[in-house]
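Report on the following structure.
The values are calculated or read from the model by the stated rules, or taken from the named source; none is laboratory data. Bear in mind that the values here come from a model prediction, so they are computed numbers and not experimental data. Cβ atoms come from the backbone with ideal geometry, glycine included; neighbour counts cover every protein chain shown.
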There are 2 protein chains.
Amino acid sequence: MPSVRSKKANLTYRSAGVDISANDEMVDKIGHALKRTYDPRVLSRHNAFAGLMQLDFREPLLRRNYKDPVLVSGADGVGSKLLLAMKYQRVEGLGIDLVAMNVNDVLTCGAEPLFFLDYIACHKLEPTWIAAMVESISRGCNLANCALLGGETAELPDLYSKGHFDLAGFCVGVVEKRRIIDGRDVEPGDEVLGLASSGLHSNGYALARKALASLPTQAKVQLGEPLIDAALRPTRIYVKSIQALLRFYRRKRVVKAMAHITGGGLAGNVPRVIPANCDVQLSRKSWPIPPIFRLIQSAGVAQAEMFRVFNMGIGFVVVVRRAFADTVAAFLEKSGERVYRIGTIRRGSGRLIWR
Amino acid sequence: MPSVRSKKANLTYRSAGVDISANDEMVDKIGHALKRTYDPRVLSRHNAFAGLMQLDFREPLLRRNYKDPVLVSGADGVGSKLLLAMKYQRVEGLGIDLVAMNVNDVLTCGAEPLFFLDYIACHKLEPTWIAAMVESISRGCNLANCALLGGETAELPDLYSKGHFDLAGFCVGVVEKRRIIDGRDVEPGDEVLGLASSGLHSNGYALARKALASLPTQAKVQLGEPLIDAALRPTRIYVKSIQALLRFYRRKRVVKAMAHITGGGLAGNVPRVIPANCDVQLSRKSWPIPPIFRLIQSAGVAQAEMFRVFNMGIGFVVVVRRAFADTVAAFLEKSGERVYRIGTIRRGSGRLIWR
């Protein structure tokens with residue numbers, strides 16, 4: 001028992017701004033959103049200190065799925081897209097963005113996303129609002145075939161202004177060691193397929209917000225939809241189509257490299273997965289630039305800057321053996337992607353060349 | 001090529017507040033801090049989209065370490081401890097706090113922490129400052145025997161005020177399925193060992209900051225050290241001693257449950273790992289309350305509230321078979337912990353009883 005007894009015992013955690021019962025209410029509300037992402041490998045119990053997921057799900061004949069498993073992990077946030085979403089009180093798509101930014105990265109190695117965890121920090125913990133955000137993250141996890149294994153919600157009134165919040169996420173996937181896709185087999189002659197993005201995804205919003213705010217209202221009608229709908233459209237999640245592709249070509253080494261087109265655009269991301277003795281040569285005429293990018297450019301952004309900052313309509317890139325380019329493209333189209341043959345691999349020095 | 005060509009191409013990503021070259025400089029600076037946490041299982045390459053870690057490290061005789069691996073994962077931040085650290089410009093311990101909050105949670109299941117990822121969001125990306133923060137996280141990872149596999153740094157000037165930032169982290173560990181420690185074997189008669197905390201750890205700072213700010217200066221000298229040193233002391237990381245204990249008792253089921261004492265204190269955390277037909281009975285006289293807690297209480301916090309919010313000197317709890325309580329306590333003391341026999345398990349209904 002402490003020897004210093006207080007004379008005026010009136011200072012409480014609640015009076016200091018933290019409401020533990022609101023936290024309990026929130027945990028109850030989000031239970032369903034977590035559970036519907038679970039598969040039989042999830043072993044977590046209610047109220048546990050950590051989330052548990054069995055790596056190998058023993059199938060009927062006790063066949064093991066992974067002989068030499070490599071865990072693949074990434075962390076990411078949604079950046080200043082959330083400021084635009086806050087301003088228009090349209091935050092319901094941000095959970096999908098958050099999951100997408102992480103799982104698309106993990107996917108580039110050929111990994112199967114296993115689980116996701118979120119970090120939500122806010123001014124005030126409002127259970128209904130948090131539940132809506134977790135619901136959105138849960139929808140993202142369903143699109144990515146991964147379990148929402150847990151997360152943390154932090155109420156930090158002295159750090160975040162009223163109505164402000166931040167989001168971060170973490171994803172873990174697994175890949176059989178000999179099936180890791182890392183671009184080392186890429187060689188001259190390989191074809192580069194570009195998968196259509198759904199819009200800006202979650203990059204370049206510092207510039208996009210500035211550009212869009214500077215435009216006259218009539219400039220915004222050419223989109224054929226409200227500007228804010230186009231600007232906040234959630235990031236596309238490529239997991240199901242790419243995983244289906246990798247399963248289909250399980251025996252053959254058809255897919256040689258993959259890149260998630262985030263900050264830095266095509267030039268910042270495709271060379272990351274190309275050997276130092278190759279260049280990637282892309283044609284800007286090989287795919288249509290979506291209207292939202294033309295609109296941002298019209299606010300006074302140089303074309304080179306546009307391609308350095310934004311995905312310009314290509315959200316994910318797959319480098320394949322030339323002989324399989326047609327069938328891979330057809331397979332991905334059938335899986336719901338729009339696919340463009342945007343270029344080829346040449347002998348070179350690890351750069352991206354526009355042609 | 002976009003058909004809308006800009007007339008005045010003067011809006012750039014840099015003018016919109018984002019400096020990509022500062023980001024590159026930062027990535028170079030933190031390389032060393034990441035690499036010194038690596039073990040041979042880390043397969044990551046520079047510039048990769050995601051971090052890679054081989055689950056099984058093949059030892060000389062191709063012996064596999066895990067037959068039925070279960071991944072254990074948690075996400076956490078450091079809460080408003082960072083506001084106190086910002087105010088006094090003493091942020092160099094926060095990386096250890098961040099790692100500790102995550103790995104101690106993962107540890108409660110008996111898991112070996114494998115890797116950690118961080119999320120740092122700030123007003124302005126200053127490479128030197130970020131490097132110091134990652135250095136601190138890297139020291140935490142070394143204390144926890146886990147690899148700092150990657151992370152994300154976000155510059156969000158419109159969300160964070162000048163000098164403000166937020167930290168979140170995420171840890172993955174692994175445990176052999178049949179060795180998961182989840183409290184299901186806890187039974188009346190088991191002993192409860194309490195491992196000393198290093199101070200407040202990373203919980204209750206909303207209340208602690210308020211209490212400490214209200215105290216007269218002379219009240220603060222009884223600590224025997226500057227108040228801010230005591231208030232910001234990094235959270236203790238229990239990984240090495242607990243992992244050594246679990247390896248030592250690999251064959252015997254000696255450790256039955258473990259709890260990390262975070263928000264909610266002993267009453268909020270120990271019952272989480274106790275079966276519904278047991279109570280945990282603890283004696284407040286069985287360990288010394290560190291001076292920092294007495295000081296906070298003297299500002300006017302009721303004793304019950306103190307025990308509901310703070311760890312009160314016990315940072316981690318281990319429930320063991322009674323016959324092994326002495327040897328386990330001695331083993332942990334030898335590993336560098338201060339250990340108190342703080343109570344026992346009784347027949348009951350899942351509650352914590354003070355005696």
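General remarks:
- Each residue in segment A:299-319 was checked for being farther than 17 Å from A:SER283 by Cα and either more than 14 Å from chain B (Cβ to nearest Cβ) or of a type in the set (Val, Ile, Thr) (or both), and 2 pass.
- Residue count, segment A:175-189 (criterion: at pLDDT 95 or above and within 9 Å of chain B (Cβ to nearest Cβ)): 0
- Which numbered condition B:LEU232 fails, given (1) within 24 Å of B:LEU352 (Cβ to Cβ); (2) modelled with pLDDT of 95 or more: (1)
- Single condition B:VAL172 does not satisfy, out of (1) out of contact with any Cys (no Cβ under 9 Å at 6 or more places or on another chain); (2) facing chain A (nearest Cβ under 8 Å); (3) crowded, with 24+ Cβ neighbours inside 10 Å: (1)
- Where A:GLY264 falls short, out of the listed (1) of a type outside the set (A, V, I, L, M); (2) over 28 Å from A:GLY93 (Cβ atoms); (3) in contact with a Lys or Arg (Cβ under 9 Å, 6 or more places away or on another chain): (2)
- Hits in segment B:199-231 (condition: within 14 Å of chain A (Cβ to nearest Cβ) and of a type in the set (Ser, Thr, Tyr)): B:SER202, B:TYR205, B:SER214
- A:ALA144 fulfils the conditions (1) in contact (Cβ under 8 Å) with a residue 12 or more places away in the chain; (2) surrounded by fewer than 23 Cβ atoms within 10 Å (Cβ to Cβ); (3) in the same structural domain as A:ALA48 (by TED's automatic domain parsing) except for a single criterion, (2).
- Taking each residue of segment A:266-285 that is farther than 17 Å from B:ALA50 by Cα and looking for partners that are in a helix (DSSP H, G or I) with beta-carbon atoms closer than 6 Å, six or more apart or interchain, yields A:VAL280/A:VAL270.
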